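The next block holds one structure in the form of structure tokens; read it before the comments.
The values are calculated or read from the model by the stated rules, or taken from the named source; none is laboratory data. Just so we're clear, the structure is a prediction, and the values are computed from it rather than from any experiment. Neighbour counts are summed over all protein chains in view; Cβ atoms, including those assigned to glycine, are modelled from backbone coordinates with ideal geometry.
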Amino acid sequence: MPGRVGQDLYEDLPTIAAYAAAGGPDEEADPELAADADQIASGHAYEKHAGEFGNPSRGQFKNMIEDTMKHPTETRQLAQGRVAYYSQNTRMLVIADPASPDGGTAFKAVPSRTNEIR
């Protein structure tokens, strides 16, 4: 994933409108993933990071998280039982953390720094 050092990465990234225009999440239901995505979207990730995606509603943010977890460009096992899911399309990075009260977090990833996540 090529990085763009010195440029504002947020200027040309997809927003919630682009995500919605692309159809949003698919209709396949996975209750466990849906529950995990809902837990993450109901925690600090929404308040702190939703604005990075064009200020989606909490439900839209949950759908983006769920879609990233269902169809990641890359998945990585992390320390302490955490799992990272990355969507190159939306540049969303979801870190599922079963030990966290929020269930993890989701935010706009800086492509040049995604390899630093451990």
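Numerical summary
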{"read-out": "Test: T68 is surrounded by 11 or more Cβ atoms within 10 Å (Cβ to Cβ), modelled with pLDDT of 90 or more and not aliphatic (A, V, I, L, M)", "value": "yes"}
{"read-out": "Selection status of D8, loosely packed, with under 10 Cβ neighbours inside 10 Å and at pLDDT below 55", "value": "yes"}
{"read-out": "Enumerated strands (runs of 3 or more DSSP E) restricted to region 70-111, each holding at least 1 residues that are in contact with a helix residue (DSSP H, G or I) (Cβ under 6 Å, 6 or more places away or on another chain)", "value": "83-87, 92-96, 104-108"}
